[in-house]
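Okay, so here's the structure we're looking at.
A short reminder: the numbers here are calculations on the coordinates, not readings from a lab. Remember, predicted model here, so these are calculated numbers, not experimental data. Note: ideal-geometry Cβ built from the backbone for every residue, glycine included; neighbour counts use all protein chains shown.
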Amino acid sequence: MSIVRVALDVPLPRLFDYQADEVAESDIGCRARVPFGSGRKLGLIVAVAAASDQPTEKLKPADAILRDMPPLPADWLALCDFCSRYYQHPLGQVMAFALPPLLRRGKLPRPRKVSGGGTPAAKSLPALLPEQQAAVQAIHASGGFAAFLLHGVTGSGKTEVYLRAIDAVLAAGKQALMLVPEIALTPQLEQRVSERFPTACIVAAHSGVPDAARARGFLDALAGRADIVLGTRLSVFMPLPRLGLIVVDEEHDASFKQQEGLRYSARDVAVLRAKQLDVPIVLGSATPALETFHHAISGRYRLLELRHRAVAEAPPVVRMVDTRKEKLQDGMSAALLDALATRLARGEQSLVFLNRRGYAPVLACPACGWISRCQRCAANRVVHLADKRLRCHHCGLEAGIPRACPDCGNQDIHPFGRGTQRLEAALGERFPQARVLRIDRDSASTPKRWQALLAAIHAGEADILIGTQMLAKGHDFPRLTLVGVVGADAALFAADFRAPERLFAQLMQVGGRSGRHDLPGEVLIQTEHPAHPLYRALAEHDYAAFARAQLDERRAAGFPPFSFQALLSAEAPEIGDALAYLAAARAAAVPLADAQVSLYDPVPMRLFRLKNRERAQLLVESTSRPALQALLAAWSERLRALKAPRELRWHLDVDPLEF
């Protein structure tokens, strides 16, 4: 009789021992169905032992060991183990999260016929610029683990570098993993990869893939049949026995950080995985995360720069439009309206960027001060005039737009501020001859509608685009020559220390949509602070100057990457309960913390009420990552032992991005 040690999908940081007949070391990584409590659960075998810490008579026998798929390899189990320890999350839950739902439930999809070998068909390829060629050669010559930052201006041909590097990997009989931040970018990239490698087996992995297809892709990767895995953050857990290269496109994007459950950074896990398997990893961006840029200039990563656009002769001209003394027309300056009219006359496309969907941020009564607050969140409900609704963008609570003030009966209530729907209406009236197309999460609510909108843009069926950050990156519209930015100033003075970094990235990315081909591009940014250093760096296309200035500020303030952080959050029906739990948690941590660790006081979150639950947080910071990790490991045990109200929920977020 042997013992199998099983990781189960339960919120307990431990493994469970079961008796099993005819089990061997080769069964490690297999799924096992076992009794648990009054029911049955499916888990993963992580060890086979001759004895257990528990008395043998108390051990239940495993119901079945499922050998209907190859066992998950040791490097995959080690990756999950690292994530469990680093992100302070139970191992069984990490492994369950990393498995496709179908396999997690003990089922297997029907097999599919897989075509392809990994060798691309011969075809004419675009000529590489010298900088691109040097980058491809450096990646190919790495000979093992190396982390490269491919810092290229927008339109510099980063994707072509990725494809050439993947080409070399496939030719060597290995697999490639390519991560992108959002599902919206996956279909067009998948098409480009498929066209470049028509005989390769390509697996798409993202939340839009049906369960059966997702499980088949996982099994194709595990069996070594998949040549290229292309997906969003969860695909970093794809088992790849022949992995030879990892690419993380738009590595700075916050979408790579999971914000619930296992709060992991796919970019950071990808770097760890590349080091674990001794393969190169390429992190690409026009606006790298400051942490990544710091690693590059300090020598931890290798910096590869693409300073020139691959097709266009020059980057777009960036100009600030000073709006301090100008009366705007529907939120737009005369300079922006004139530029739009000029593009219309020339038959070129324009993009007006406003990162706020809906018609207006709030509906208000000037007589009594009533505003359209959300009853469940500490936020306002947004006016969506197209479907005549007030909608909270945090919890989804909605209602019809009232005809009069609910408090005083005043019929003269107004929307204040503007969103993409309001801009759409204003531009439609201003330019009745123009075809105005709005692109945001409301108009592109499904993948099918999103693809239809993109097809319309590429077909030249739109003259003026109005868009949110959905259009800010990864898109190539040959006839788009003007980008106008509305409402960017709010982020200049936000409380979050990451706000300037995010604003710079967003504006450089969206500005990079203009003038990508033979037509010159222009970017107009409306602002009341035209001399702000962030805007000056943007106008000069000088990311490095901006980044170094930001790093100097962070070094002086002791912010990441010069410190390491974890955030303990608690939520309950009443804020007092959340704050009381965090105060007790802080008291439990004080004896565990050494001089390198700082424990801050509990405070309510900025959005302190969400979905009828009130939220608070406690920040832990250290100049030493090992010191912080040592505290978190010991503290987690005490947190689980703390008494708390039944409805209170808490979680730890290591390396948090949101506060």
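Values for this structure:
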| item | result |
| --- | --- |
| Potential extension, residue 637-residue 324 segment - 0.36 nm per residue separation minus Cα distance | 107.2 nm |
| Pairwise label distance in nanometres, residue 338 with residue 532, each label 7 Å out on the Cα-Cβ vector | 2.4 nm |
| Cα-based radius of gyration of the stretch 130-306 once divided by 2.2 N^0.38 Å, which approximates compact folds | 0.95 |
| Length added when fully stretched, residue 404-residue 171, from 0.36 nm per residue minus Cα-Cα | 77.0 nm |
| At R0 = 45 Å, FRET efficiency that the Cβ-Cβ distance of residue 446 and residue 659 yields, to 0.05 | 0.90 |
| Percentage relative contact order, the chain, counting C-alpha pairs under 8 Å, at least six apart | 11 percent |
| Candidate aspartates and glutamates for bridging to residue 60, where Cα separation is under 16 Å - those fewer than 8 sequence places away on the same chain excluded | 17, 21, 22 |
| Packing-based ranking, highest mean first, of 56-67, 90-101, 390-401 given that Cβ atoms within 10 Å are counted | 90-101, 390-401, 56-67 |
| Residues of the stretch 224-250 with amide N under 13 Å of the 7 Å Cα→Cβ point at residue 300 | none |
| The chain: calculated mean residue ellipticity at 222 nm from DSSP helix runs of at least 4, using -39500 (n - 2.57) | -9000 deg cm²/dmol |
| Sequence ranges 512-518, 140-146, 432-438, ranked by mean other-Cβ count within 10 angstrom, highest first | 512-518, 432-438, 140-146 |
| Cα shape, the stretch 295-383, gyration tensor, a/c 1.5 rule | oblate |
| Qualifying GluC sites (Glu not before Pro) for the stretch 231-325 [loop in DSSP, other Cβ within 10 Å: at most 11] | 260, 313 |
| Extended-chain gain in nm, criterion 0.36 nm per residue less alpha-carbon gap, residue 490 and residue 2 | 169.4 nm |
| Centroid-to-centroid separation of the stretch 631-647 and the stretch 317-367 [C-alpha atoms, Å] | 50 Å |
